[in-house]
Amino acid sequence: MLNFMMGRQATASKLSPQEAVELAKDGAITVVDVRDHNELSMTGKAEGAVHIPLAVIRMQADPRSPDFHPDLDTSKPVAIYCASGARSSMAAQVFRQMGFDEVHNIGGLGHWQMAGGSIVRA
């Protein structure tokens, strides 16, 4: 409710994995994988996803940081996933704190794949 009152309704909305897959095809959303390097090497990642492990998310998602990831844009919607949705939920909070306007936790890599999203080997 507080988000609504502060005019930040978009941050609280729920984007389905299917919607994220479609938006990613058009380049209308940045997809972020927050799993660790070992998970990525074992399973691959969503095609086009930016890999930022949760352990370094505060540095790479902060536009004021010298380590800010060059593929991020605070004005562009972000869809975050991990293995199950728990870590991506934590990462979504960080992205919001760092000033991203529209952030969505789309769950796990399996949700992306079941929604028709492609997986590529990292």
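Restricting to region 91-100, count the residues that are assigned to a helix (DSSP H, G or I) and open to solvent by 10 Å² or more (accessible area, probe 1.4 Å).
4
Determine, yes or no, whether residue 32 is at pLDDT 95 or above and in a strand (DSSP E or B).
So residue 32 passes the test.
Which pairs do you get when a residue that is within 13 Å of residue 27 (Cα to Cα) and without any contact (Cβ under 8 Å) to a residue 24 or more places away in the chain, found in region 67-93, comes within reach of a residue that is crowded, with 19+ Cβ neighbours inside 10 Å and hydrophobic (A, V, I, L, M, F, W, C), reach meaning Cβ atoms under 9 angstrom, with the pair 6+ apart or on two chains?
Cβ pairs passing all conditions: none.
Based on what the data block shows, is residue 103 open to solvent by less than 10 Å² (accessible area, probe 1.4 Å) and in contact with a Lys or Arg (Cβ under 8 Å, 6 or more places away or on another chain)?
The answer is yes for residue 103.
If you take the residues in region 40-50 that are open to solvent by less than 40 Å² (accessible area, probe 1.4 Å) and more than 13 Å from the chain's Cα centre (by Cα), which one is farthest from residue 112 (Cα to Cα)?
Filtering region 40-50 for residues that are open to solvent by less than 40 Å² (accessible area, probe 1.4 Å) and more than 13 Å from the chain's Cα centre (by Cα), the one farthest from residue 112 (Cα to Cα) comes out as 40.
Of all residues in region 55-68, how many are outside any loop (DSSP other than H, G, I, E, B) and open to solvent by 50 Å² or more (accessible area, probe 1.4 Å)?
Here the count works out to 3.
Within region 69-90, is there a residue that is modelled with pLDDT of 95 or more, more than 23 Å from residue 120 (Cβ to Cβ), outside any helix (DSSP H, G or I) and open to solvent by less than 30 Å² (accessible area, probe 1.4 Å)?
For region 69-90, residues modelled with pLDDT of 95 or more, more than 23 Å from residue 120 (Cβ to Cβ), outside any helix (DSSP H, G or I) and open to solvent by less than 30 Å² (accessible area, probe 1.4 Å): absent.
The values are calculated or read from the model by the stated rules, or taken from the named source; none is laboratory data. Bear in mind that the values here come from a model prediction, so they are computed numbers and not experimental data. Glycine gets a Cβ as well: all are built from the backbone with ideal geometry, and neighbour counts include every protein chain shown. Side chains included, ligands, DNA and RNA excluded: accessible areas come from the protein's heavy atoms. Shrake-Rupley method; radii C 1.70, N 1.55, O 1.52, S 1.80 Å.
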